[in-house]
Every structure is written in C-alpha cells, then in structure tokens.
1. If we sort A:50-58, B:136-144 on the protection proxy, mean other Cβ atoms within 10 Å, highest first, what's the order?
2. Looking at the P(r) of region B:130-176, how many percent of alpha-carbon pairs lie beyond 18 Å?
3. In vacuo Debye scattering of region B:35-102, one point per C-alpha: log10 I(q)/I(0) at q = 0.17, 0.28 Å⁻¹?
4. How would you rank A:65, B:28, going from fewest to most other Cβ atoms within 10 Å of each one's own Cβ?
5. Can you compute the helix-only [θ] at 222 nm over the protein assembly as shown? Use -39500 (n - 2.57) per DSSP H run of at least 4 residues, normalise by all residues, nearest 500 deg cm²/dmol.
6. What do you get for the angle between helix B:73-88 and the principal long axis of chain B? Use alpha-carbon atoms, 0 to 90 degrees, nearest ten.
7. Treat the protein assembly as shown as a sphere of radius equal to its Kirkwood radius over Cα pairs and apply Stokes-Einstein at 10 °C in a medium of 1.306 mPa s; give the translational diffusion coefficient in µm²/s, rounded to a whole number.
8. Any chance you could tell me what percent of the C-alpha pair distances in region A:100-154 go past 16 Å?
C-alpha cells in the first residue's frame, strides 16, 4: 500500500509541464518570419534593442501588428513601409540610401581615401627630403678630413 | 607651424560636433507624420463610451491631441499645465487615453481636474501606433485642415507652451 502511494507521488511531476508563455501566434512559420523581420527593426522605447528582442509594451504591440498584417498576406516591404510611415526611418537598423544619408553611407570611404591620399603625399615628401645629394669633390674632402679628425680626437 | 595648426583644426571641428551632440536628445525621434493628415479614428469617449469621437469632427478648428495615460508618470507632471491651459480657452485639448483602464483614467481626471474637451479610450494602443506614439505623453498640434503641424514628445511645459505651441496655434488660427 505504501509502495503504491510512493509510486503515485512519483508520477506527479509528469503532470507538471512547464512551457514558455505562448505568444499570440499559433503558426510557427509566420512567427519565424515575424521574428526575422523584427530583428532588423528598432524598438523605439529601448532604442538599442530590436523589435524582436524588446520586452517593451510598444514592441509587443508592434509585433502583434506585424503578425496580423503577415497573416493578412502583406509582404515584408508593405509592413516595413507601414512602420516607416508612422515612426520614420528611425525604425530601420539599416538606413535607406537618400540624399541626406549619403554622408552616412560614403563618409567612411571618403575618410579612408583622404587618409590614403595624405599618406601618399607624406611619403613622397619624405622621399624628396631624403634624396641623396651629390657631393662635390671639395665637400668630400672636407667631410673626410672632419671624420678623420674625429677619429684622432677619440683616439 | 602647420604641425600645430592642423591638429588644432581637427580638435576644434571634433569639439564642435561633440558640443552639438551634447544638446541633442536621442530619445526624440522626428515624426514622419508632421505635415500629413492626422490619422482617422473613431473611438469611444472615456466618460460616455456610448458616444464616439473622430478627428473628422474637428475640421475647421485648431486643436491639440494629447496622448496620456493614468499609469504614465510624466503625464502627472504635465497635467496641471494642461488644466491651466484649458481654463484659458485658447485651444481645445482632446485626450487620447493610451492603453489604460477606464476606471483608472477617470480617477486621475476626477482627482487632478479634467483639461480635455473629450477624451477617447485607445485601450489596445492601435490608434497610438497610427500616430507613431512611442512614449506617453505626446501632444499633437493639428490645424484647421486636419494636418499635424507639430508633435511634442514628452510632457508639455509652460516653456514649451509659450515658446512653441501657443505661437504656432496663434499662427494656425489666422490661416483659413
């Protein structure tokens, strides 16, 4: 009798099943697509978090919105346009190429080019100053005399 | 001489950028909705859910749409400023009660005064998304044509009222 009781007690954990809180989506494919899209979008509340990873309430609402629009058959681009119309380009982690983002996109390359240019310029200048100067015979003699002198002094 | 001037110029330019950066608030995201029509909605009124309110009804008037909630701390800071403004009868203030419980919202308005001509309940925050709300309080200045002319992010203060919002309202009032 006691053994049976213990056996029953041992069975209890089998009925306790923990799972992560279920999100609204029941469709795993759609959920995956939503997360994929939301990873490239910025949460506006915690600005260094993506929409996929943020726990802010707004992020949850926006994920719900994205999910609903996806299940209505909207394309990723339509959904991104929807968010950009409301929150601006700020929601995009990858800023679009526009007249006012040219500096952002090409600034680093411009700086690199400027750096390479400056380096080449300096190297050329250096080579010029280091160029060997032909000594006249007279100067050679003077130099030799000076060097010999030095040796004498040291000796 | 050049050896000193060039690094000095670089320093001044960098310091200039950093100085400007000090005064920029990264939390203020410019709204793409400025200059665009205020998104339409038709929501139940807080005090009388049987009645609804829609921005459509405000055509021909300059008005403020204030997004607030009873759970929002900065809204409490802003509340007395709005109550005072509403007493001056300069511009009507309409409230959008964002993701809030009706009971809590009514309690807040009963306690601190009700500056709103009408408050509507955006219980699930969908209209908030349409307006690009990402942090309450936010206040929109909407002109007679129903175009959003300005968005104040964060609480309305006496300073922002006097320096920005009220001059803008006065200007918009003169337009047809």
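Read-outs: derived from the displayed coordinates by stated rules, not from any lab. This is a predicted model, so every value here is computed, not measured. Cβ placement follows ideal geometry from the backbone for every residue including glycine, while neighbour counts extend to all protein chains displayed.
1. Packing proxy ranking, top to bottom: B:136-144, A:50-58.
2. 30 percent
3. One equal scatterer on each Cα of region B:35-102 leads to -0.74, -1.35.
4. Ranked by crowding around the Cβ, least crowded first: B:28, A:65.
5. -16000 deg cm²/dmol
6. 70 degrees
7. On the way: Rh = 25.8 Å.
D, rounded to a whole number, is 62 µm²/s.
8. The answer is 69 percent, as a whole percent.
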